[in-house]
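First up is the structure itself, then whatever we jot down about it.
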Amino acid sequence: MNIEIDQLRQKALATLEASSDEASLKELRVHYLGKAGAISQLSEGMRHLSKEERPVVGKLLNELRTSFTEALEAKEAVLVLAADAAVFQSLDPSLPGTATWQGGLHPLTLLTDRVIQIFRRLGFALATGPDIDTEWRCFDALNTPAHHPARNDQDTFYFPDGRLLRTQTSTVQIRAMEQAPPPLRIIAPGSAYRRDEIDATHLSQFTQMEVLCVAPGITLADLKGTAEFFYRELFGPEIECRFRPHFFPFTEPSFEIDVRSSLLSNKWLELAGCGMVDPAVFEAINKKRGDNAYDPDKVSGFAFGFGLERLVMILTGTSDIRMLTENDLRFLERFV
Amino acid sequence: MKISLSWLGDYLKTTQTAEQLAETLTRSGIEVKSVVSHGAAIPKVVAAQILESTQHPNADRLSVCKVDDGSGTPRQIVCGAKNYKVGDKILLALPGAALPGDVKIKVGKLRGVESEGMMCSSKELGLGEGVDGLHILPPETMIGTELGALFPADDILELEITPNRPDWLGYLGVAREAAAFGAGEFLEPAWNLPSTIEDKNVATITDHNGCPFYSIRKIDGITMNPSPSWLVQRLAVMEARPINLVVDLANYVMFETAQPLHAFDANKIQGALNVRFAREGEKLEALDGKTYQLQSSDLVIADDQGPQALAGIIGGMKSGVTAATNSILLESAIFDPATIAHSLRYHGINTEAGYRFERGNRAGTMEASARVAALLDELTGSIAAKNLFVAGQFPEPLQIELRGDQVRQLLGAEMSDEQIDGYLKKLGLIKKESAWQISSWRPDLYRSVDLIEEVSRVHGIEAIKSRYMAFPAPSSKEDQAYDQMMMLRRRLAAGGFFEARTGTLVAKEIADKKAIALRNPMGEQQAVLRTSLLSGLKKVLQHNLQQGSSSIRLFELGKIYQQSEAPYCEEKFSLALMTTGAAVPMSWRSDSQRSLDLYDFKGMVDQLVPGKINYQSWEEPLPPGMSLMLRVFCDAHLAGYVGLLHPAAARELMLTGQEYPVAVAELDVAMLCDVIEQGGGNKVGVLTRFPAMVRDIALIVDKSVAYASLEQVLLSAKEELLRSVTPFDIFTDPSGEKIAADKKSVALSLKFQHDDRTLTAQEVGEACERLMMLLKTSFDAEVRS
């Protein structure tokens, strides 16, 4: 038996030595280690051995099974390693990656969203109003005299029934106050229209953001704080804000806000108009509401408004406003 | 408005530089658009006289002049200008002079003739645009005078004046404001106001609403001398053309005081001047040479012959002042701004006077008139009548009450009553016993809040401490709608789509009958509001194809508009998608040739509201330009459509030789958002922990069988273990070799699962068998697994 075992060991190891592919190793495993394989067959022969011999031969056979299994598995491992290595060798890592398509939002949408998120931090809620509105909401309620130049046909788009395309999103201030009593804290982004010839800095349709806060005890200090907070969030903490006295029919006092930053040209940039809501606006609202919810002696408020295209242009270095309406994909891809 | 600092110096004693003054004015609310230095003293430029002029021997366009520069020896100068005559005095740049733009003057030959200097135009010396050709000096100029003495250096500030401050449309107003903001001392001229008298034979007012106050000063014995050079120069700063001494002085004083004036030739006026509205059929031949058909809304100054001026806007030709005039009626008045604005707009006129009156100017009505009279007397020896003839009432100054706490409450600033009083006094307001008296030049101040604004300006907003007051604001309906729309946008961007934003005004022919048209569009191309987003997206697609894009995936989420019964107009958000070109980016792999098609497109639309989008066939006739359409439902609600452009319509957008399908969709955003709001597709439920089993089957059916009907049969078969059906191979063989040409092979992957237990191969096999049998009987299909 010992001799047979020895012969089998020598033969098995020699065949293993000669095998170099996965298929023949698989065959060897079946041939020697399988249920009906050579080693099992030898084990069958143990039945004829004496009680004394059995453990000795059994031990030898076990050793043979173990050592052959180890040798076989070592060989298999070598082959797997070689195959794995071959996988990487076939790659050319210098080939460019294959992309999937990317899409993106329009820079004006992205900026509008940033602005909205900043005001939400301060507790402002969104409000909206239609583009088509009445002359009363666009001008009269905003204390604009009947003969004001902005109201004429050269500056404002009108419909045959006397309605108009709003020239400013301030119409939403009026709508919000018509609908709800104070306190009110709203922002309203939207389109506005003016009959301007289109050039590098003008569109006849543009986008504005309207901000209105009305409550008892609101002061100019709140307007200043809110505007400064907004511009610092938008442009960074190093910016300076300047409030220049100005005139708007619907605020008193009125200011224009200029912003300067070393990160942006370091010149004063005129960015917004603002002011404390004119009592005449509150009075117009009260008359419409038929109550005294906006009693100018009890509530006060601030409003401010600004063009969003101009902010996009400043923040993205876009020199021609028409790029925002052309929708050239090479331009839009910059904002992915 | 432009202002000259040297002129402003007549009314403002200041040590501020132009830049500092610009800063001061900006702080006060006068926006300074630009600061330009003028007439810098250039050495070696002197006044000279042309003694003779001959043709250049070698150049048709040049002449050779002998010029006296005061040195005693005439110089020979070659000159190309044509606007002079012998004897004119001009400005001569001598050799060694350095003109603006780095032009160095030296002795040299021009076409063979020596030239010892250059005769200059206004532009060449930085004196402004001037006339074309040489700058001709007044005849009284001393030969040899240096440029610096003739044109003192000056700075011109360009100001932007807000419509509430007509007083700033005069030098005095600007000087007064600058002084109040610390620039220096305001120097008010001595006015010598005459006493007033009413005389119905000179001036009357019929319509007091249009004109509360009217005045006439009669000035006789005028000698119409030429306007002195200082006057012409100052008018030039204001870009006013010199006309004659009287008109020039009236204009000058208007720029000085902001009060427009008008002079009638007294000899051409018959009877009293009357301020009234025009009558039917009246006309006015105005000083601008045009004849205006007057309306009953036009306020006029009329005499016995009819209208002699459009009040506050423009005078009439017939009674205008000419070189022959020796006696004038000088008008100074207050007119109703709305009346003036209406006439300006109606007739389409713009004049300096109208500009000031429509802004409600009432600064210096008396003063301006007295000033012109004094200047005329001084310059021509004329004699102004002792009295000013007046009609109507000069408005009483307004009194406004203001409490310190009102100021502190609105401004949120700590300041004492004394501080507040100090600010208002600085602005020239007068504190009376219980109120502030408002000066005539401040028509914008009529309520206490207007005074608070004045306090805030002088105090300065920098001095007010910022406050951050925030209170919780629950999200509004609009907040929710905005967030849902942003979610749709972001899903599309994640799916490879770019957002376009196009204009809402479109051409009439692309919109349908329900489109709302403007009364006053800017052009045919922007005449109506869009009723769909597609026309805008098509233009964007076309633009990008022309720019060489190989794959275009666009969407727009924006408003569309259409007429409706009540309210008058419906505005709603719409979402349009459009794709064409390559399905995947070009790469070295071989799979990059496929074009974006209907199935890619449906895949994206499905992702807008996952699990809630389904499609049904189109039942109406297709609209023009479309070759295939499907109705899109979100849950059970019709939300819009997807479709393919007709190949002919698609080709119109493409470059020659391009041929891609163009897929389009337009969906109602509210329909999509409603489902998102209800949490559509977001309920998680139980995630089963037991494995699914997948079985693939293939069937051969008639080509005409719609895939959806196969799926429909399987999913409605009440097999409780069947979870999903996914097609993974569709095969046809036009040659009929592998399968019959009128058949198609569809391979389906069926997924089975149970929430509470592991499936057995047997029960899945049985379910699969039943489903295959069902397909066989329903579609006469050949089925195999």
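The values are calculated or read from the model by the stated rules, or taken from the named source; none is laboratory data. What you see is a predicted model; the values in this text were computed from it and never measured. Using ideal geometry, Cβ is built from the backbone for each residue, glycine included, and neighbour counts are taken over all protein chains shown.
For the stretch A:88-103, state whether one or more residues are in contact (Cβ under 8 Å) with a residue 40 or more places away in the chain and surrounded by 12 or more Cβ atoms within 10 Å (Cβ to Cβ). Taking every residue of the stretch A:88-103 in turn, at least one turns out to be in contact (Cβ under 8 Å) with a residue 40 or more places away in the chain and surrounded by 12 or more Cβ atoms within 10 Å (Cβ to Cβ).
If the condition is being charged (D, E, K, R) and part of a helix (DSSP H, G or I), then the stretch B:134-178 contributes B:Asp167, B:Arg176, B:Glu177.
Scanning the stretch B:230-254 for residues that are in contact with a Leu (Cβ under 8 Å, 6 or more places away or on another chain) and assigned to a helix (DSSP H, G or I) returns B:Leu231, B:Leu245, B:Val246, B:Asp248, B:Leu249, B:Ala250, B:Asn251, B:Tyr252, B:Val253, B:Met254. The criterion of at least 1 residues that are more than 9 Å from every other protein chain (Cβ to nearest Cβ) and on the phi > 0 side of the Ramachandran plot is met, among strands (runs of 3 or more DSSP E) falling completely within the stretch A:214-289, by A:264-277.
Condition check: free of Cβ contacts under 8 Å to residues at least 40 places away in the same chain, surrounded by 14 or more Cβ atoms within 10 Å (Cβ to Cβ) and over 33 Å from the mean Cα position of the chain (by Cα). Does B:Asp248 satisfy that? For B:Asp248, the condition - free of Cβ contacts under 8 Å to residues at least 40 places away in the same chain, surrounded by 14 or more Cβ atoms within 10 Å (Cβ to Cβ) and over 33 Å from the mean Cα position of the chain (by Cα) - is met. Quick check on the stretch A:166-173. Is at least one of its residues of a type outside the set (Gly, Ala, Ser), in contact with a strand residue (DSSP E or B) (Cβ under 7 Å, 6 or more places away or on another chain), buried (at least 24 other Cβ atoms within 10 Å of the Cβ) and over 25 Å from A:Thr134 (Cβ atoms)? The answer is no, given that none of the residues of the stretch A:166-173 is of a type outside the set (Gly, Ala, Ser), in contact with a strand residue (DSSP E or B) (Cβ under 7 Å, 6 or more places away or on another chain), buried (at least 24 other Cβ atoms within 10 Å of the Cβ) and over 25 Å from A:Thr134 (Cβ atoms). So, in the stretch A:283-310, of the ones that are in contact (Cβ under 8 Å) with a residue 12 or more places away in the chain and small (Gly, Ala, Ser), which residue ends up nearest to A:Arg175 (Cα to Cα)? Looking at the filtered set, the residue picked out is A:Ala284.
Taken over the stretch B:744-785, the residue count meeting the criterion of being in contact with a Lys or Arg (Cβ under 7 Å, 6 or more places away or on another chain) and over 16 Å from B:Ile697 (Cβ atoms) is 1. Total residues in the stretch A:138-158 satisfying the condition of being in contact with a strand residue (DSSP E or B) (Cβ under 7 Å, 6 or more places away or on another chain) and within 11 Å of chain B (Cβ to nearest Cβ): the figure is 3.
May I ask you to verify whether B:Ser551 is at the interface with chain A (Cβ under 10 Å from one of its Cβ atoms) and within 27 Å of A:Leu184 (Cα to Cα)? When the stated conditions are applied, B:Ser551 does not pass them.
For (1) away from every other protein chain (no Cβ under 14 Å); (2) surrounded by fewer than 22 Cβ atoms within 10 Å (Cβ to Cβ), each residue gets a yes or a no:
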{"position": "B:Phe335", "(1), (2)": "no, no"}
{"position": "B:His347", "(1), (2)": "no, yes"}
{"position": "B:Ala353", "(1), (2)": "yes, no"}
{"position": "B:Phe357", "(1), (2)": "no, no"}
{"position": "B:Leu379", "(1), (2)": "yes, yes"}
{"position": "B:Ala385", "(1), (2)": "yes, yes"}
{"position": "B:Gln393", "(1), (2)": "yes, yes"}
{"position": "B:Asp421", "(1), (2)": "yes, yes"}
{"position": "B:Lys431", "(1), (2)": "yes, yes"}
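For the stretch B:450-489, a residue qualifies if it is under 16 Å from A:Gln117 (Cβ atoms), modelled with pLDDT of 90 or more and either under 30 Å from the mean Cα position of the chain (by Cα) or facing chain A (nearest Cβ under 7 Å) (or both), and the qualifying residues are B:Ser476, B:Glu478, B:Asp479, B:Tyr482, B:Met485, B:Met486, B:Arg489. I'd like to know if the stretch A:64-80 contains one or more residues that are polar (S, T, N, Q) and over 58 Å from the mean Cα position of the chain (by Cα). Checking the stretch A:64-80: at least one residue is polar (S, T, N, Q) and over 58 Å from the mean Cα position of the chain (by Cα). With respect to the conditions (1) part of a helix (DSSP H, G or I); (2) facing chain A (nearest Cβ under 10 Å), B:Gln607 falls short on a single one, namely (2).
Selection of the stretch A:232-261 for residues being closer than 25 Å to A:Gly129 by Cβ, out of contact with any Leu (no Cβ under 6 Å at 6 or more places or on another chain), of a type in the set (Phe, Trp, Tyr) and crowded, with 23+ Cβ neighbours inside 10 Å yields A:Phe248, A:Phe255. For the stretch B:104-121, does any single residue satisfy the condition of being farther than 22 Å from B:Val237 by Cβ and acidic (Asp, Glu)? Yes, the stretch B:104-121 contains a residue that is farther than 22 Å from B:Val237 by Cβ and acidic (Asp, Glu). Of all residues in the stretch B:384-430 being touching a residue at least 40 places away in the same chain (Cβ under 8 Å) and touching an Asp or Glu at 6+ places or on another chain (Cβ under 8 Å), which is farthest from B:Asn192 (Cα to Cα)? Among them, the one singled out is B:Gly412.
Could you tell me whether any residue of the stretch A:291-310 is more than 19 Å from the chain's Cα centre (by Cα), part of a helix (DSSP H, G or I), assigned by TED's automatic domain parsing to the domain that holds A:Phe119 and within 16 Å of A:Leu203 (Cβ to Cβ)? Checking the stretch A:291-310: at least one residue is more than 19 Å from the chain's Cα centre (by Cα), part of a helix (DSSP H, G or I), assigned by TED's automatic domain parsing to the domain that holds A:Phe119 and within 16 Å of A:Leu203 (Cβ to Cβ).
Okay, residues lined up against (1) surrounded by fewer than 23 Cβ atoms within 10 Å (Cβ to Cβ); (2) of a type in the set (Lys, Arg); (3) closer than 15 Å to A:Asn327 by Cα:
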| position | (1), (2), (3) |
| --- | --- |
| B:Gly536 | no, no, yes |
| B:Ser550 | yes, no, no |
| B:Ser564 | yes, no, no |
| B:Leu575 | no, no, no |
| B:Ala582 | yes, no, no |
| B:Trp588 | yes, no, no |
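Summed over the stretch B:460-514, residues that are part of a loop (DSSP other than H, G, I, E, B) and of a type in the set (Val, Ile, Thr) total 3.
Screening the candidates B:Leu699, B:Leu715 for the property of being among the aliphatic types (A, V, I, L, M), surrounded by 17 or more Cβ atoms within 10 Å (Cβ to Cβ), within 21 Å of B:Ala781 (Cβ to Cβ) and not assigned by TED's automatic domain parsing to the domain that holds B:Phe633 yields one hit, B:Leu699. When the strands (runs of 3 or more DSSP E) confined to the stretch B:612-700 are screened for residues that are farther than 28 Å from B:Val746 by Cβ and modelled with pLDDT of 95 or more, those reaching at least 1 such residues are found at B:637-645, B:663-668. If you scan the stretch A:96-135, which residues turn out to be more than 7 Å from chain B (Cβ to nearest Cβ), closer than 21 Å to A:Glu326 by Cα and touching a Ser or Thr at 6+ places or on another chain (Cβ under 9 Å)? Once the filter is applied, which keeps residues that are more than 7 Å from chain B (Cβ to nearest Cβ), closer than 21 Å to A:Glu326 by Cα and touching a Ser or Thr at 6+ places or on another chain (Cβ under 9 Å), the stretch A:96-135 yields A:Pro107, A:Leu111, A:Thr112.
Given the criteria crowded, with 19+ Cβ neighbours inside 10 Å, in contact (Cβ under 8 Å) with a residue 60 or more places away in the chain and not in a helix (DSSP H, G or I), does B:Leu541 qualify? Judged against the criteria, B:Leu541 is not a match. If you go through the stretch A:12-19 one residue at a time, do you hit one that is in a loop (DSSP other than H, G, I, E, B) and more than 30 Å from B:Ala493 (Cα to Cα)? So far as the stretch A:12-19 goes, yes, one or more of its residues are in a loop (DSSP other than H, G, I, E, B) and more than 30 Å from B:Ala493 (Cα to Cα). Checked against (1) surrounded by 15 or more Cβ atoms within 10 Å (Cβ to Cβ); (2) under 30 Å from B:Asn225 (Cβ atoms); (3) touching a Lys or Arg at 6+ places or on another chain (Cβ under 7 Å), B:Asp303 meets all criteria but (3).
From B:Asp199, B:Asp132, which residue is over 30 Å from B:Ser37 (Cβ atoms) and exposed (fewer than 15 other Cβ atoms within 10 Å of the Cβ)? From the options B:Asp199, B:Asp132, the qualifying one is B:Asp199.
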